[in-house]
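Read through the structure below, which is laid out as structure tokens, and then see the notes.
The values are calculated or read from the model by the stated rules, or taken from the named source; none is laboratory data. Quantities reported herein were computed from a predicted structural model and do not represent experimental measurements. Neighbour counts run over all protein chains shown; Cβ positions are idealised from the backbone, glycine included. Keep in mind that these areas ignore ligands, DNA and RNA; they rest on the heavy atoms of the full protein, side chains included. Shrake-Rupley method; radii C 1.70, N 1.55, O 1.52, S 1.80 Å.
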Amino acid sequence: RSRRGRTRRSRSRHARRTQGYTRLVASLLAKSPRFRRRLTQERIELMAILAPLHDIGKVGIPDALLNKPGPLTSDEFAQMQTHTHLGYNAIVDAEALSLIEDEEIVGLAKDMVFTHHEWWDGHGYPRGLAGEEIPIEGRILAVVDVYDALVTARPYRVPMPHEEAVGTICAQRGTQFDPDVVDAFVAAERDIEA
């Protein structure tokens, strides 16, 4: 089998796993009075359905860069960061062509694609949003996306054990990640591991 075929299957499995993780974490957050109104069961299901779109912009990134076996240079990392803009623009283009007409779906998809690399402390990209400026959907996706990246083999490293990945997520609580989302992730970690 070709390397390209394996890479596509790996991305497909990543999309499905982030879908399930998103549903688990959002469902736990929805039990909190703080999130209950925003995270309705209907919205959680919609988030789970849309979660696989979060990296849609990577179709515009060269395979050589996506599959590079070593660390990225600063120029390569800058090019990789454009996937949030590319994905956002793809959704805007689909909306303009009337391929997607539901405003709630379009808005949610844009938020998830564009904000899943923003950091709680403002050091993320593409806009350097901080705290609650980042939609809750992007904050959830940020945690589950990083977790799946850590526990999955990549061209540049071996997978990290579950416990170590959870520790890495916890170490970024309040810096990279929303503390409430990390707490919900930790509460769901056994289901996530399963």
*Where a Cα-Cα gap under 15 Å defines reach, which aspartates and glutamates qualify for LYS68, not counting those fewer than 8 residues away within the same chain?*
GLU76
_Label-point separation in nm, ASP191 to ILE105, each point 7 Å along Cα→Cβ_ = 2.6 nm
*Quick one: accessible area per residue over segment 101-180, 1.4 Å probe, rounded to a whole number of Å²?*
42 Å²
_Going Cα to Cα from LYS58, which aspartates and glutamates come in below 12 Å? Please leave out same-chain ones fewer than 8 positions away._
none
*Where in segment 124-146 does the label zone of ARG37 land, with the point 7 angstrom along Cα→C-beta and an amide N cut-off under 12 Å?*
none
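Can you give the Rg to Rh ratio for segment 85-172, taking only C-alpha atoms and Rh from Kirkwood?
Radius of gyration relative to Kirkwood radius: 1.06.
Ordering ARG139, ARG173 from largest to smallest accessible area (1.4 angstrom probe), what's the sequence?
On the way: ARG139 20, ARG173 115 Å².
Descending accessible area places them as ARG173, ARG139.
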*For VAL106, VAL59, VAL92, what's the largest-to-smallest order of accessible area, 1.4 Å probe?*
VAL59, VAL92, VAL106
*asked:* Within segment 153-194, what whole-number % of the accessible surface is contributed by carbon and sulfur, with the 1.4 Å probe and all protein chains included in the calculation?
replied: 53 percent
*Would you check the accessible area of ASP93, probe 1.4 Å, heavy atoms only, in square angstrom rounded to 10?*
90 Å²
*Sequence-distant aspartates and glutamates (8 or more away, or on other chains) whose Cα lies within less than 12 Å of LYS110*: ASP55, ASP93, GLU95, GLU137
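Mind ranking HIS117, HIS162 by accessible surface for me, highest first, 1.4 Å probe?
Values: HIS117 45, HIS162 15 Å².
Accessible-area ranking of HIS117, HIS162, largest first: HIS117, HIS162.
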*Please state the charge dipole magnitude for the chain, taken about the Cα centre, from unit charges on C-beta atoms (+1 on K and R, -1 on D and E), reported in debye and rounded to the nearest 20.*
920 debye
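Just to verify a number: FRET efficiency for THR152 and GLU76, C-beta to C-beta distance, R0 = 25 Å, to 0.05?
On the way: r = 20 Å, r/R0 = 0.81.
For R0 = 25 Å, the calculated efficiency reads 0.80.
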*Using a 1.4 Å probe, how large is the accessible area of SER74, given in Å² and rounded to the nearest 10?*
90 Å²
